[in-house]
2 protein chains.
Amino acid sequence: MTKGERLYEGKAKIVYITDDPDLLLIHFKDDATAFNGQKKGTISDKGVLNARISAALFRYLAEHGVANHFVDLPSEREMVARRLSIVPLEVVVRNVAAGSLAKRLGLAEGTRLARTVLEFYYKRDDLGDPLVNEYHIRALDLATPEEVAQLAATSLRVNDLLAAHLKPRRLELIDFKLEFGRTRDGQILLGDEISPDTCRFWDTETGERLDKDRFRRDLGGVEEAYQEVWRRIAG
Amino acid sequence: MTKGERLYEGKAKIVYITDDPDLLLIHFKDDATAFNGQKKGTISDKGVLNARISAALFRYLAEHGVANHFVDLPSEREMVARRLSIVPLEVVVRNVAAGSLAKRLGLAEGTRLARTVLEFYYKRDDLGDPLVNEYHIRALDLATPEEVAQLAATSLRVNDLLAAHLKPRRLELIDFKLEFGRTRDGQILLGDEISPDTCRFWDTETGERLDKDRFRRDLGGVEEAYQEVWRRIAG
C-alpha cells in the first residue's frame, strides 16, 4: 500500500489517499484545538499516543462485534483505515454530566446521570456543531431513520464495552464522541478516533482528569495525562 | 366561580386560583418580552386579542379531539382553564425555517422544511430554555417516554389541524410552541395559549409577518398584526 495525495487536513489529523481505493492513511498530529478552534496549541507526542490508544480500542471493539474502520498501525503516527464517506453527525454518549452538558442543563460537573444520554450534533464548524434531534436529521437528510437507530444502538453498545474495558484500568468513561461513515457498499462503520481528545476519562479513585480537559482548562500535566491513559490501556 | 389569590405571574399572563380547585383564571397582559426577557415592551390590546385568538383555537382543537385546558372566556382578558401541573417542556413544531432554527442550522429564513421538525425545550429561564432530546428528558425525569410520545403525536396533530384551519384564512403556520400539563388524575392536556405570541403566522400571499416577530425585530405595525390575525380567525 502506497501513501498518495493529501485528501483532507482536519484539526488533529491529516488524511491521505492510498493506491487502494478502499483504504486511507490517517496521520495523527500533535496539534490541539478546543472551543471550536478558538483555542490552539500543541501537545507533545499526542499524535503518537492517540494513534496507539485508538488502535487498541478499535481492535478491542472489533473483537466484540463493533465494525469499525481500523485496519493497521504501520508507523507510530499513521493508521490505515477503511475509506468512508462520513455521516455528518457527531454522536456523543454521556454517563456523567461534564462540559457543555453540565452547563446547558444546569447540572454540577461530575453529576452521574440517572440515564445514559445520547446526543447528535450536526458536523458544521461554521455553525458551531449544533445539537440536533431526529427531526432535524430527517429534514436536513443527514441520515435515514434506520441509520439514526443504528448509530444510536452502536454508540450505546460502544459505551457499555468501553466502560467495562476501562474500569479495571482505573479509567472512568465520563463521555465520548463518535463519528461514523458509510463504505462504498453502504455499510456503516465506526470511524474517526477514540482517544483522550474525543473522550473524557477520569481516574476512578481520585477523579483526576486524564483527557483534553487538561488542555481546555489549562490544568497542566497534559502530556502526562495522555501518556498515563496509554499506559493503563496498554497494561 | 370566584377569582382567588394570584398563583403565578409570567411574562405575558397572570394566573389566579379560583374557588374550584380544578379551575384557574388566566389574565392575559399586554406586556411583551423577547429574547428570553432581554427585550421588553407593551403591545396595546395584545392581552385581549391573544385571549380571543387562543379561545377560538382551543375550541376548534377540542372539537377535533385535541383535549386542552380551555373552559371559558368570561371577560375580555380572562380565560377559565383546567388547573394543570405543567410539564416543564416547550414543544416547538416547525414547517418553515425561521428564527432560531434558521440560524442554528444555517438555513435561509423562509426555507420550507423537507419534513416537519419537532423540538423539545427544557423550560428553564435561567438556562435560556435549552433544546433537549428524549435522553435528556429521561435523565432529568421531565416526562416518561410514553408522555414524550404523546406530546409529540399531539403536537403534530395540532400542526395538521391548525395549518388546515388557518390556510383558508390566509395565514400560513410557520411554527409554534405548545405547553402541556397533567390534570390531578394524570391526564395530559394541551395548556398555555395559542396566539401570535407563540406562533409564527405569515400572510399566505405576501409573506407578511403577522406575529411577535414584528415586535422582536422592530418591524412596526405590531398591534395591527395582532388585530389582523384575530379578524381572519374570527371571520
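Below, the figures for the structure above:
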quantity: Number of partner chain Cβ atoms within 10 Å, mean per residue of B:102-109; calculated: 3
quantity: Dipole magnitude (debye, nearest 20) for the protein assembly as shown, charges at Cβ of Lys, Arg, Asp, Glu; calculated: 240
quantity: Sequence-distant aspartates and glutamates (8 or more away, or on other chains) whose Cα lies within less than 17 Å of A:K167; calculated: A:D175, A:D203, A:E205, A:E208, A:D211, A:E228
quantity: Too-long pairs where the Cα-Cα distance tops 25 Å, listed order kept, from B:K13/B:K123; A:K39/A:K123; B:K13/B:K103; B:K29/B:K103; calculated: B:K13/B:K103; B:K29/B:K103
quantity: Average Cα contact separation per residue, segment B:3-82, under 8 Å, 6 or more apart, as relative contact order %; calculated: 25
quantity: Among B:G181, B:G191, B:G220, residue whose mean-square fluctuation peaks in a GNM of chain B (springs only between Cα atoms under 10 Å); calculated: B:G220
quantity: Shape category assigned to segment A:3-82 from the gyration tensor of Cα positions, a/c cut at 1.5; calculated: oblate
quantity: Choice from A:K11, A:K39, A:K177 with maximal GNM fluctuation in chain A (Cα, 10 Å cutoff); calculated: A:K39
quantity: Centroid-to-centroid separation of segment A:71-117 and segment B:34-87 [C-alpha atoms, Å]; calculated: 42
quantity: Nearest-first distances (nm) between copies at A:K11, label 7 Å from Cα via Cβ; calculated: 3.1
quantity: Shielding by partners - mean other protein chain Cβ count within 10 Å, residues of B:114-121; calculated: 4
quantity: Segment B:A62-B:E224, extension gain: residue separation times 0.36 nm, minus the distance between their alpha carbons; calculated: 55.5 nm
quantity: Sulfur and carbon atoms: percent of accessible area, the protein assembly as shown [1.4 Å]; calculated: 47
quantity: Inter-copy spacing of A:E109 label points, which lie 7 Å from Cα along Cα→Cβ, given in nm from shortest upward; calculated: 3.7
quantity: Filtered chymotrypsin sites (Phe, Trp or Tyr not before Pro), segment B:1-54: DSSP coil and at most 16 other beta carbons within 10 Å; calculated: B:F35
quantity: Using a Förster distance of 22 Å, the FRET efficiency for A:E146-B:T111 (Cβ separation, nearest 0.05); calculated: 0.30
quantity: Computed label-point distance, nm, for sites A:T183 and B:R170 using a 7 Å Cα→Cβ extension; calculated: 5.9
quantity: Cα gyration tensor shape of the protein assembly as shown, rounded if a/c is under 1.5, else prolate or oblate by comparing a/b with b/c; calculated: prolate
quantity: Chains B and A together, accessible area buried on both sides, 1.4 angstrom probe, square angstrom; calculated: 2200
quantity: Cα gyration tensor, segment B:91-193 - rounded (a/c under 1.5), prolate or oblate; calculated: oblate
quantity: Fraction of alpha-carbon pairs over 25 Å apart in chain B - percent; calculated: 40
quantity: Relative contact order (%) - criterion: Cα under 8 Å, at least six apart; region: segment A:85-221; calculated: 24
quantity: Cα Rg over Rh - segment B:138-235, Kirkwood; calculated: 1.06
quantity: Ascending list, in nanometres, of distances separating the A:E146 label from those of the other copies (7 Å, Cα toward Cβ); calculated: 3.1
quantity: Where the protein assembly as shown is the region considered: accessible area per residue in Å², 1.4 Å probe; calculated: 44
quantity: Computed [θ] at 222 nm, deg cm²/dmol, chain B (DSSP H ≥ 4; -39,500 (n - 2.57); rounded to nearest 500); calculated: -9000 deg cm²/dmol
quantity: 10 Å Cβ neighbours from other chains, averaged over peptide B:131-143; calculated: 6
quantity: Chain B: relative contact order as a whole-number percent, Cα under 8 Å and 6+ apart; calculated: 18
quantity: GNM result for chain A, Cα springs below 10 Å: residue of A:V132, A:V87, A:V222 fluctuating most strongly; calculated: A:V132
quantity: Cβ charges +1 (Lys, Arg) and -1 (Asp, Glu), total dipole of segment A:3-82, debye; calculated: 420
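The values are calculated or read from the model by the stated rules, or taken from the named source; none is laboratory data. Predicted model, so just to flag it, every value in this text is computed and none were measured. Please note: Cβ atoms are built from the backbone with ideal geometry, for glycine as well, and neighbour counts cover all protein chains shown. Just the protein is used for accessible areas: all its heavy atoms, side chains included, with ligands, DNA and RNA removed. Shrake-Rupley method; radii C 1.70, N 1.55, O 1.52, S 1.80 Å.
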